[in-house]
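Down below is the structure, laid out as C-alpha cells.
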Amino acid sequence: AARLPVVELPLLEVGTSLQPDWAGLPKLLQPGDLLVVGRPHDLSGDLPSAGALRDLAAAHPAVTLVVDEALLDFVAEATSLAGAADNLVVLRSMSQFWAIPGVRLGFAVAAPEVAARLRQQMPEQAVNTLAQAVGLAALADGEYARQTVEAVAAGRAQLAVGLSELGLTVYDGVANLVLGRLPAGWRAEMVAHRLLADCGLAVRTVDGHERAIQMAVRSAGENQRLLDALALVLGRPPRGPEPPRRARSLMFQGTSSHAGKSLLTAALCRILHQDGVRVAPFKAQNMSNNSYIGWDGGELGRAQVLQAQACGLDPDTRMNPVLLKPSSDTASQVILRGRPAGELVAFRDLSYHERAGRVAREAYDELAAEYDVVVLEGAGSPGEVNLKDRDIVNMRMAQHAQSPVLLVGDIDRGGVYASFVGTMEVLAEWERALLRGFVVNKFRGDASLLGPAHDYVLNHTGRPVLGVVPYLKDLGLPEEDGAERPPRGGPVAGDHRLDIAVVEVPHIANLSDFDALRLEPDVRLRVVARPDELGCPDAVLLPGTRNTIDDLAALRARGLAEALVALDGRSELVGICGGYQMLGRQVADPLRLESAT
C-alpha cells in the first residue's frame, strides 16, 4: 500500500547452485532501501554465508537488511544473524519448522530503536497469550528440533538420489526443499501440470528457469510417491531392481496389555485362512517367559504359535523375531530369531533397540515376500510416551509395514472410550495417520446402547469405532502371559477333586504347562504363595522359572521351601525345568544363565 518500487534479484546458475545475483546487488542499493534476503532462500535453498551478510550490512549502513530465517532451523548447526548489526533485522517464523501455521506466530530481532519503531506500527495485542505459550514450549523442545533436522536431511538425500537416477540435475541447497533441473526437452510447467492432473501432486516452478522444479521434503513414503510419479511422467522407470512383492497388512494395537490384540489377530488370521488367503501373523517383539519351542529348536511367543495354527502354518520364529524373557525386574534374556543372543540389562540401551529393530524388520520383509497378507500385533499400548523413542513393535513397525492400524480397547475393564481418546491425543501426527479406527472388545450387553459414545469418539478423534466384539468365555486357548493363571488359595474341606498346588515363584515361566490340568473337571488346580495356603495336596508342582537361584531364595525366605520338605511322603512333588533344578542337592550357575545375581 506504500506504493514503493520493488526490485527482484534474478536467480542465476552458479556452478551447481541457483542463487541471487549477489555480484550485481551493490550497484542497486541506495540509502534508505530495504533489502530482504532469505537465509536459506525459500525457492533455491541457497544459504548465504553469515560473514557475507555481515559485510554487506557494514558496507551499506544506510540500508536496512532484513534476513528471513524462517527455514534456518532445518539447517544443522546453522548460526542466526540476530543481533549481528544495528541495520540488520532477523525474522523468524514458526510456521515451517515447528509446523504450527494456525498459531500465526513469529518474531523479529532488531536493534532497540528499530524494534521500538516496529512496535509503534503494531496493534497492542498482536499475539494472544495461548500462541505465546505454544511458541515458548516449541522453542524449548530440543529433541523435536534434533529429530526434525535428522529426518529432513535423510529426506533430502532420498530425493537427491532418486532425482539424479531419473536424469535430473539436483542443485546444491539446504532446508526442507530440493530444487532440480529437468532433462533437456522437458519444461517444468508441463511436468508440474501432469503431476497435478494425473497424480495429485504439486511441485513449484521457477520464473526464468523453464526446466527447474522445486519439491518439498516429506516422509520417505511420500518422497517415493513423488519419485514414482515423476518417473511415470518422464517415461523413465526408476533404476535398480524391481522391488519385491509385498503383502497387504493390517495391525492390531491396544490401549493396554490384555486388551485382546492376540486373540483378534488369531481370529482374523483364521477367517482369512478359511477364505483361502495365504496369511501369516507377526509380532516384532514379545516380553514373556511363556514361550514355545519350535520344530527347529527356536523359541517364540505362545500367541504367535496360536496365530500360526489359525493360519494353518507351522510356528516360525520370523513370526516373533524378538523375544525378551525377564529374569528379574531389570534384566531379560534376549532371543533373536529363536536363538539366545545375550542379556539385556539396561532397557534404554540404544544399541539393542537398533539391532532388535533391524532383526524385526528383516523378518517382516521375509514374511511379506512369501504371503498375501500379514496380520501384525502390537505390544502394550502405542501411547506409552516413555517408550516411544525406542519403539520397534507398535507404530514404528506399522510404518515399516505400511500397515493401517486398528486400536483395540477392553470395555470390560471400563474406561475404554477415554482410552481411545487419550491414546489418540499422545500420538504424533504421522502415527495418527496410520490409525484407521477403534475396536471395542469384550462387551457384555446390547451394543446399540454404545451409539452415543461412538459418535463422541468419531467427533473428537476423526476416527470411527469399526466394531464391537462380544465377551467370549471359556475359549480354552493358551494365554501368552499367564492372564488365566489358576486361582490362588488354600485347601477346601469337602472338595473331593484331585487337589494339585502350583507353587508361585517370582519369575514363573510357561504357565501353559498346567493348562491340561486346569481343564480337567475332576482336578482342583490352585496357586500357593505362603506356607499356610499349602495344606496337604495330592501333588505339588514346582514350575519353570527364568531365575532359578533367586526364586529358590524367595521360596526359602517365605518359608515355602521348608514347608515343601515337610510334605515328603505325603504329597507327590514334581519339578519342571527350573523347579526341577530346585529339587537337586546343589544348584550351580557359574555363567549366570539362570539367575540375575
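The values are calculated or read from the model by the stated rules, or taken from the named source; none is laboratory data. Keep in mind the model is a prediction, meaning the values are calculated, not measured. Every residue, glycine among them, receives a Cβ derived from its backbone with ideal geometry; neighbour counts consider all protein chains shown.
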Report task. Can you give me the ranges of the helices (runs of 4 or more DSSP H) entirely in region 389-452 with at least 1 residues that are loosely packed, with under 15 Cβ neighbours inside 10 Å? Result -> 416-426, 429-434
Query raised in the report: Do any residues in region 363-383 that are of a type in the set (F, W, Y) have Cβ atoms under 9 Å from those of residues that are buried (at least 21 other Cβ atoms within 10 Å of the Cβ) and part of a helix (DSSP H, G or I), where the two are at least six apart or on different chains, and which pairs are they?
Result: Y364/R318; Y364/M397; Y364/A401
Query - Check on G342, more than 17 Å from A379 (Cβ to Cβ) and assigned to a strand (DSSP E or B) - result: yes
**Report entry** Meets criteria (among the polar types (S, T, N, Q) and either surrounded by 13 or more Cβ atoms within 10 Å (Cβ to Cβ) or assigned to a helix (DSSP H, G or I) (or both)) for Q132
**Finding:** yes
Query raised in the report: Filtering region 183-208 down to residues that are of a type outside the set (F, W, Y) and touching a residue at least 40 places away in the same chain (Cβ under 8 Å), which residue is surrounded by the fewest Cβ atoms within 10 Å (Cβ to Cβ)?
Result: G208
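Using the structure shown, decide if S49 is within 20 Å of L182 (Cα to Cα) and of a type in the set (G, A, S).
So S49 fails the test.
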Report summary line: Over region 452-469, the set of residues farther than 15 Å from D410 by Cα and under 26 Å from the mean Cα position of the chain (by Cα) is V457, L458, N459, H460, T461, G462, R463, P464
Report summary line: Log entry, pairs with first residue in region 258-286 being in the same structural domain as A341 (by TED's automatic domain parsing), second being among the aromatic types (F, W, Y) and in a helix (DSSP H, G or I), beta carbons closer than 6 Å, six or more apart or on different chains, reads F282/Y364
Report summary line: Of A115, A110, A151, the only residue that is over 21 Å from V67 (Cα atoms) and modelled with pLDDT of 90 or more is A151
**Report entry** Some residue of region 451-460 being under 30 Å from S291 (Cβ atoms) and touching a residue at least 40 places away in the same chain (Cβ under 8 Å)
**Finding:** no
Query raised in the report: Does D141 satisfy the condition of being under 30 Å from the mean Cα position of the chain (by Cα) and either crowded, with 18+ Cβ neighbours inside 10 Å or acidic (D, E) (or both)?
Result: yes
Query raised in the report: Within the group L560, L552, L564, L541, which residue is aliphatic (A, V, I, L, M), surrounded by 19 or more Cβ atoms within 10 Å (Cβ to Cβ) and under 40 Å from the mean Cα position of the chain (by Cα)?
Result: L552
**Report entry** Which listed residue is in contact with a Lys or Arg (Cβ under 7 Å, 6 or more places away or on another chain) and either outside the structural domain of P315 (by TED's automatic domain parsing) or more than 23 Å from D316 (Cβ to Cβ) (or both), from L387, L406
**Finding:** L406
